[in-house]
Each structure stands twice: as C-alpha cells, then as structure tokens.
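A quick write-up on the structure given underneath.
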Amino acid sequence: MDSIFLEQLITYGTVFLFCAAIIFFYLRKKSRTSKQTLEKVATAKEEGLYEPVSLHPYIDPNACIGSGACIKACPEKDILGMVNGQAQAVNASNCVGHGACFHACPVEAISLRIGTEKRGVDLPHVNENFETNMKGIYIAGELGGMGLIKNSVEQGQQAIDSILKNKKRNVEGAIDVAIVGAGPAGISATLAAKKHGLTSVTLEQDSLGGTVFTFPRSKVVMTSPMSLPLHGKAKLYDTSKAELLELWEKVIEEHDIEIVENTKVENIFPQENGTFKLVTNTNTEHLANNVLLAIGRRGSPRKLGVPGEDTQKVAYRLLEPEFISDKKIIVVGGGDSAIESALLLKDENEVILSYRKDKFSRLKPKNKEKILQAEEDNSISIIFNSNLVSINPDTILLKLEDETTKEYKNDLVYIFAGGELPTTFLEKAGVEVTKRFGYTVKKHR
Ligand SMILES: Cc1cc2nc3c(=O)[nH]c(=O)nc-3n(C[C@H](O)[C@H](O)[C@H](O)COP(=O)(O)OP(=O)(O)OC[C@H]3O[C@@H](n4cnc5c(N)ncnc54)[C@H](O)[C@@H]3O)c2cc1C
Ligand code: SF4
C-alpha cells in the first residue's frame, strides 16, 4: 500500500513539476518578450517613430487575446510587439498601412487608424460618393484615408461610377474627367473611365504605379483578389512589385490608353461654368467637367530651387541602385531615405552626403549606426552644415559651415529634402481638409 502511495506521489509530483516547469518557462518567456518590446518602445519614442503620421494599427486592449497573429502577419520589422500577452504598437511610424495585421487578427481587435490623440493628420472631406465639398472634385485611394492597393483600386472605379451617375454637367470643350495620379487608384479609375466611354486624361507627376513603383522591397501583400476594370479578377496574393506593374502596363497597353507621366498638376482652378482648369508644371492646361484626385498621401518631393536642379542628373528617389557604378554622387538630406540611398550607393561609387544640420536626428537606429560606421571606414564622406547651391554639368557647388563655397566633381545628384504634403494643393482647389486625431478608417473586414 505504502509503495503504491509512494508511486502515485512520485507520478503526481512529476506531473506537477513538469507543469510548473512549463508555466515557469512560459512566464519567463512572456516577461522577456515584454521587456524587449518595452525597450523597443522606449527607443521608438526617443527616435520619434512611436507617433505615426499615416495609417497604423490600433489594438483594442479589451479585445486582444494575445494570439500574436498580427505580429507574424506583418512583413515589416518591429511595428508590433507583445507586452504582457497583448499586442502593442512599437515603431508605428514605419507601418505602411497594408493591413496584413488587421486581416490576421482572429478576434478583430485591430483597427487601422490615421493620426493619434497627440498627432493629427489632415484628411479631406469626402462623402459616400467620393465627392468633396467642391461639386465635381472627387477623391479616391489613400488620400481619402484608406490605404492598401486593393482598396485604392476599388475606390478608383467606384469614384468613376459616381461621376457617371452625377454626369449632369457636360460643358463643350471640356473632357468628362481629369484623373490626377497614376497609382493603384488612378490606374483603376483610368481603366474604368475607358470602359464606360468617358473622355479623360490621366496626369502623373512621376511614373505609372504610384507608391508601388517606389516600394523598397519587391514583395507585395494582398489579402484578397483585386478586380481591375477591363481585366477582371486578379488573384495576386503574395505577388511581386514587378508582376503587379507588368499587369497594369499590359492592360493599359491592350486598351490603347495613354497615361501622361512626368507631369505634375500644380493648380486646379474652378471655372465659372462649373468646369475645372488644371495647370501642370509642363505648362499644359486641361479643361475638365470633373476631377478625380488619386494622388495618395505621400505628396511631391520638395525641391531645393537651386540652379541646375531641372537637369537629367538630378533625382528625388533612388531606383535600381545595383545599376549605378563608378559615379561621383552627392546625396542631399539627413533623413532615413537619404541615409539608406547613400548606403546603397557607397560600395560601387564615390558618395558625398550633404546635410544642412550639424547632426542626424530621428533616424532609424540601424541607419544611424551604419552611416556613422561608413564615415569611420571612409566609404562615405559626410559634410554637415552644408547646403547645395548649384548643380553644373560636371560639378556641384556646396556652401560650407564657414560660409565658403567649394566645387566638387559630380555625375549624379539625389535630393531627399522631404515632401510637400497635398494639403495646400487641396485647399487651393477649394477642398476642405480637417485635422483628424486617431480617426478609424478600417474597422470591419
Ligand atoms: C513601403 C510600402 C509598402 C507597402 N506595401 C503594401 C502591400 O504590400 N500591399 C498593399 O496593399 N499596400 C501596400 N502599401 C500601401 C499602398 O502602396 C498604398 O495604399 C497605395 O499605393 C495607395 O494608392 P493610391 O493610388 O491611393 O496612391 P499612390 O500609390 O500614392 O499614388 C499616387 C500617385 O499620385 C501621384 N501624384 C501626387 N501628386 C500629384 C500631382 N500633383 N500631379 C500628378 N501626380 C501626382 C504620385 O506621384 C503617385 O504616383 C505599401 C506602402 C508602402 C509605402
Ligand atoms: S498595416 Fe501592415 S505594416 Fe502596418 S502593422 Fe499592419 S501588417 Fe504591419
């Protein structure tokens, strides 16, 4: 009897110890993860990456069950983390707003928000038909607050449907619709306009594809099929940037559509007869009965206004750095885009980084570490307190800290001086814009 009791005691004891060990390791892991996440949150606050300017996930603490599905689903690094068994935003400013986390959450504890309680974000007024307070000016895509390729594509065609329904005005000599921007929303609107036989023009300040064209990574995440006018359903889930751009280019070509690239709409002037005159940086003018703004939220690159800036060797983003070698390059700027570009170019080229301030601030920690290392091993020359004053065919002129100017041999210039947000552009056209603090743009699937 005693031996049976002893045996049972040992069995129960072993089970108890085993369970206790599992609980111990689980709690230890949870506490470590929480500690690591809180450290990252503290760094994000220091680096100014905690308060996001654009779309980002908001986690409802009363609904989150700590499944961690959102963290696994997010293809970006350290945007979300776990604290005490619940998800928490970390580097929310790096969120690209594609909502993989939102779709992955099994209990719908994540919503996508724009602006936070502390940091407001300008959003234009748009009604359910995508029309703004200015009758005849419509907005589709991310500019209205809703991110994601698929949503923008849907909104582009829905806005054209609304224009078709509201087509009361038809002033002779004016096209039915001028579409501004050729990102996912603008492309889809262009195809929808063609499908419905509307007369239209699409003006793009850069190249076809919008933000997708400038993705730093080739992977594109789409959580559900995208329906493209004149093409039908495109089941591209985990696709690539190249595949998506190829599809858009193919449909556009097949239907003989022209998208006017490298043409920025600078002003929209409402006319007395209800039409709109669009004026571009290439001095062209377009008269339209309706305008669809599909310009996203990233704005236009800020120019320095220095002589020579309009030449071919100047660019405001870096594409295909792998094809650039043996060049003398100046990168202007001190933000993450400038640093990342300089780092990508430094191994095959001679790179000068010119920054107008005396030190870097608000950089991603990894970028800061890498750029200072590059300066130390002389693979990049950093010139703080300097300003680009002119760009010549084979040289550039920099104004240095001591107010002297110095000429440097140069083949290429990359300027990363931030962007002009679309708010002023919208307000000049009469579109009302309001600052939103923590505005929920996506709540339900
Ligand atoms: C790094 C990154 C990764 C992302 N990954 C994904 C992803 O995997 N899946 C996903 O669904 N979404 C992703 N997104 C979000 C997605 O790219 C955007 O939601 C989408 O591109 C918005 O489309 P849009 O047409 O509204 O605007 P945009 O794509 O921003 O296009 C706007 C266009 O308007 C042009 N424009 C602006 N002003 C003017 C003007 N005055 N005159 C003429 N043209 C003008 C711009 O040059 C631009 O081409 C990502 C975003 C980023 C930044
Ligand atoms: S929206 Fe995309 S980038 Fe932002 S947290 Fe969710 S999955 Fe990550």
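The table below lists the values:
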read-out: Index of the failed condition, Gly147 passing every other in (1) part of a helix (DSSP H, G or I); (2) near ligand 2 (Cβ under 10 Å from one of its atoms); (3) not assigned by TED's automatic domain parsing to the domain that holds Gly48; value: (1)
read-out: Any hit, the stretch 249-262, residues being of a type in the set (S, T, N, Q) and either surrounded by 14 or more Cβ atoms within 10 Å (Cβ to Cβ) or part of a strand (DSSP E or B) (or both); value: no
read-out: Residue in the stretch 178-196 that is farthest from ligand 2 (Cβ to nearest atom), counting only those that are in a helix (DSSP H, G or I) and among the aliphatic types (A, V, I, L, M); value: Ala193
read-out: Which numbered condition Glu47 fails, given (1) crowded, with 23+ Cβ neighbours inside 10 Å; (2) in contact with a Lys or Arg (Cβ under 9 Å, 6 or more places away or on another chain); value: (1)
read-out: Conditions (1) within 16 Å of ligand 1 (Cβ to nearest atom); (2) modelled with pLDDT of 85 or more; (3) in contact with a Gly (Cβ under 9 Å, 6 or more places away or on another chain); (4) under 30 Å from Ile160 (Cβ atoms): number failed by Val53; value: (2)
read-out: Enumeration of residues in the stretch 241-298 that are under 29 Å from Gly97 (Cα atoms), within 12 Å of ligand 1 (Cβ to nearest atom) and out of contact with any Leu (no Cβ under 8 Å at 6 or more places or on another chain); value: Lys241, Asn262, Glu266, Leu292, Arg298
read-out: Any hit, the stretch 57-66, residues being at pLDDT 90 or above, of a type outside the set (A, V, I, L, M, F, W, C), more than 17 Å from Phe437 (Cβ to Cβ) and within 11 Å of ligand 2 (Cβ to nearest atom); value: no
read-out: Selection within the stretch 264-295 - under 20 Å from Ala185 (Cβ atoms), surrounded by fewer than 20 Cβ atoms within 10 Å (Cβ to Cβ) and polar (S, T, N, Q); value: Thr280
read-out: Strands (runs of 3 or more DSSP E) completely within the stretch 371-414 that count 1 or more residues being in contact with a helix residue (DSSP H, G or I) (Cβ under 9 Å, 6 or more places away or on another chain); value: 381-383
read-out: Residue in the stretch 229-242 that is surrounded by fewer than 17 Cβ atoms within 10 Å (Cβ to Cβ), part of a helix (DSSP H, G or I) and within 21 Å of the chain's Cα centre (by Cα) present; value: yes
read-out: Matching residues, the stretch 72-118, being part of a helix (DSSP H, G or I) and either under 16 Å from Tyr439 (Cα atoms) or more than 9 Å from ligand 2 (Cβ to nearest atom) (or both); value: Lys72, Ala92, Ser93, Phe102
read-out: Selection status of Ser224, in the same structural domain as Leu278 (by TED's automatic domain parsing), in a loop (DSSP other than H, G, I, E, B) and more than 24 Å from Val53 (Cβ to Cβ); value: yes
read-out: Pick from the stretch 314-326, criterion exposed (fewer than 13 other Cβ atoms within 10 Å of the Cβ) and more than 28 Å from Ala189 (Cα to Cα), ranking: farthest from the chain's Cα centre (by Cα); value: Asp326
read-out: Leading residue by the ranking (nearest to ligand 2 (Cβ to nearest atom)) among those in the stretch 198-240 that are touching a Leu at 6+ places or on another chain (Cβ under 8 Å) and closer than 18 Å to Arg298 by Cβ; value: Val220
read-out: Ala338 closer than 24 Å to Pro301 by Cβ, touching a Leu at 6+ places or on another chain (Cβ under 8 Å) and part of a loop (DSSP other than H, G, I, E, B); value: no
read-out: Residue count, the stretch 300-313 (criterion: touching an Asp or Glu at 6+ places or on another chain (Cβ under 8 Å) and surrounded by fewer than 16 Cβ atoms within 10 Å (Cβ to Cβ)); value: 2
read-out: Those residues of the stretch 179-209 which are within 24 Å of the chain's Cα centre (by Cα) and either more than 6 Å from ligand 1 (Cβ to nearest atom) or hydroxyl-bearing (Ser, Thr, Tyr) (or both), in sequence order; value: Ile179, Ile187, Ser188, Ala189, Thr190, Leu191, Thr202, Ser207, Leu208, Gly209
read-out: Residues located in the stretch 22-42, provided they are in contact (Cβ under 8 Å) with a residue 40 or more places away in the chain and within 30 Å of the chain's Cα centre (by Cα); value: Thr33, Ser34, Gln36, Thr37, Leu38, Lys40, Val41
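Yes/no matrix, rows are residues, columns are (1) crowded, with 20+ Cβ neighbours inside 10 Å; (2) within 12 Å of ligand 1 (Cβ to nearest atom); (3) free of Cβ contacts under 8 Å to residues at least 40 places away in the same chain:
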{"site": "Pro106", "(1), (2), (3)": "no, no, no"}
{"site": "Glu128", "(1), (2), (3)": "no, no, yes"}
{"site": "Asn133", "(1), (2), (3)": "no, no, no"}
{"site": "Gly147", "(1), (2), (3)": "yes, yes, no"}
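The values are calculated or read from the model by the stated rules, or taken from the named source; none is laboratory data. These numbers come from a predicted model, not from an experiment. Quick reminder, even Gly has a Cβ in these numbers, built from the backbone with ideal geometry, and neighbours come from all protein chains shown.
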